[in-house]
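Notes follow the structure.
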Amino acid sequence: MYLEIVSPEATLFSGEVTSVAVPGVNGNFEMLNNHAPIISLLKEGFVKISGNVELDEAVKSKFAKGEKNTTILNINSGTLEMKDNRIIILVD
């Protein structure tokens, strides 16, 4: 599935991923390939991206490496939409 993470300053990441876990306002949840369409508000926490994530040098400092091929982004809040195996996350 395709993931795009956008902040007010720049596009932080765009590319193919295996799964994405996010801090929804009603609890954390994870999306895999062929997940049902969803729109959700996000609260402060961590976006955990699984897959072969290649980051641009300009934004690498915003991300941390987790275990088992996971990349982590700390967010204050945001909005997420998933539809047709495409996830767009707008973050603050």
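Since every read-out is calculated from the coordinates, none of them should be taken as a lab result. Only a predicted model underlies this, so the values are computations on that prediction, with no experimental measurement involved. Please note: Cβ atoms are built from the backbone with ideal geometry, for glycine as well, and neighbour counts cover all protein chains shown.
Could you state the number of Å between the C-alpha centres of the range 1-16 and the range 43-71?
11
Just how many pairs of Lys in the chain have C-alpha atoms closer than 20 Å, counting pairs that are eight or more places apart or on different chains?
Lysine pairs meeting both conditions in the chain amount to 7.
What's the magnitude of the charge dipole for the range 2-91 around its Cα centre, counting Lys and Arg as +1 and Asp and Glu as -1 at the beta-carbon? Answer in Debye, nearest 20.
Charge dipole of the range 2-91: 220 debye, to the nearest 20.
Counting other Cβ atoms within 10 Å, keep those with at most 13, restrict to DSSP loop, and tell me which trypsin sites (Lys or Arg not before Pro) in the range 15-69 are left.
Passing both the DSSP loop test and the Cβ count: K68.
How high is the relative contact order of the chain, in percent, counting Cα pairs under 8 Å that sit 6 or more residues apart?
33
Kindly rank 30-36, 71-77, 81-87 from highest to lowest mean number of other beta carbons found within 10 Å of each residue.
Highest-to-lowest ranking by the protection proxy: 71-77, 81-87, 30-36.
Restricted to Cα positions, what overall size does the chain have along the principal axes? Three whole-Å values, descending.
32, 24, 23
In debye to the nearest 20, how big a dipole does the range 1-54 give about its Cα centre with +1 on each Lys and Arg Cβ and -1 on each Asp and Glu Cβ?
200
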